[in-house]
Amino acid sequence: MNTKIKILSVSLLAILLIIGCKKKTVTGPAGPQGVQGINGNANVTNTTFTVTNWTATGYAYASDNLYVPSLDLAILTSGLILVYYQTPSNIYNLPFNNGTYMIAPEFGLNSLRIYSYRNDHAIFPDPSGGSAMIFRIVTIPSSIKKANPEINYNNYKAVAEAFNLKD
C-alpha cells in the first residue's frame, strides 16, 4: 500500500510539474517596413543561342536541336515561349517573315529547332550565309504572364525591361 501511495504521489507531482511549467515568450514591437524590392523574375528564363549549322530539309533549312531545359511540360502546355531573332540592328519576334523568307521555331520537351524557308518554297542557300545567327528564347510561366498583361511580348526590349533580363 505504501508503495502505491508513493507511486501515485510521484506521478501526481510529475503531472503537476509538466502542466505547471510554461515557456514564457516575449514579443517585441514590430520593426519598420522594409524597402520594396524589384519585381522578381526567378521563373522567367532568358537564353541566347548562336546558330551556325543548318541542315537542308527539302525546301527549308533547320538548325540543330538546341537544348533548352526551361522548355518543360508546364511551359509547353500553359506557359509563354518567346523566340527572337537578333540582327546587328534589330531584334525580331519569331515567326519572322520579310516577304521573301520566313524563320519560325519548333518546340519540343527541352528542345528548340529553328526553321528557315523561302515563302515561294524555292531552294535557297544556307540562311546564315556562313555567318552566325543569334536567337534569344524567353520562357515565362502562365501565372507570371497573367500577372503582367500590359507587357508587349512581341518586343524583346519591353520584355527584358519588365523582367530585368540580362543580355
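Okay, residues lined up against (1) within 16 Å of residue 45 (Cα to Cα); (2) touching a helix residue (DSSP H, G or I) at 6+ places or on another chain (Cβ under 6 Å); (3) modelled with pLDDT of 90 or more; (4) in a strand (DSSP E or B):
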residue: 74; (1), (2), (3), (4): yes, no, yes, no
residue: 104; (1), (2), (3), (4): no, no, yes, yes
residue: 129; (1), (2), (3), (4): no, no, no, no
residue: 158; (1), (2), (3), (4): yes, no, yes, no
residue: 161; (1), (2), (3), (4): yes, no, yes, no
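Restricting attention to the stretch 76-93, the residues being in contact with a Phe, Trp or Tyr (Cβ under 6 Å, 6 or more places away or on another chain), more than 19 Å from residue 53 (Cα to Cα) and either aromatic (Phe, Trp, Tyr) or assigned to a loop (DSSP other than H, G, I, E, B) (or both) number 1. When 72, 64 are checked against the criterion of being among the charged types (D, E, K, R), touching a residue at least 24 places away in the same chain (Cβ under 8 Å) and closer than 16 Å to residue 138 by Cβ, 72 stands alone in meeting it. Restricted to the stretch 21-66, and to residues that are surrounded by 12 or more Cβ atoms within 10 Å (Cβ to Cβ) and of a type in the set (A, V, I, L, M), which residue is modelled with the highest pLDDT? Here the answer is 44. Residue 80 falls short of the stated requirement of being more than 13 Å from residue 44 (Cβ to Cβ), surrounded by 15 or more Cβ atoms within 10 Å (Cβ to Cβ) and under 15 Å from the mean Cα position of the chain (by Cα).
The residue that is nearest to the chain's Cα centre (by Cα), among those in the stretch 48-61 that are outside any strand (DSSP E or B) and in contact (Cβ under 8 Å) with a residue 40 or more places away in the chain, is 52. If I filter the stretch 139-153 for residues that are touching a Gly at 6+ places or on another chain (Cβ under 9 Å), farther than 14 Å from residue 46 by Cβ and in a loop (DSSP other than H, G, I, E, B), do I get at least one hit? There is no residue in the stretch 139-153 that is touching a Gly at 6+ places or on another chain (Cβ under 9 Å), farther than 14 Å from residue 46 by Cβ and in a loop (DSSP other than H, G, I, E, B).
The values are calculated or read from the model by the stated rules, or taken from the named source; none is laboratory data. Just so we're clear, the structure is a prediction, and the values are computed from it rather than from any experiment. Cβ coordinates were reconstructed from backbone atoms using ideal geometry, including for glycine residues, and neighbour counts include every protein chain displayed.
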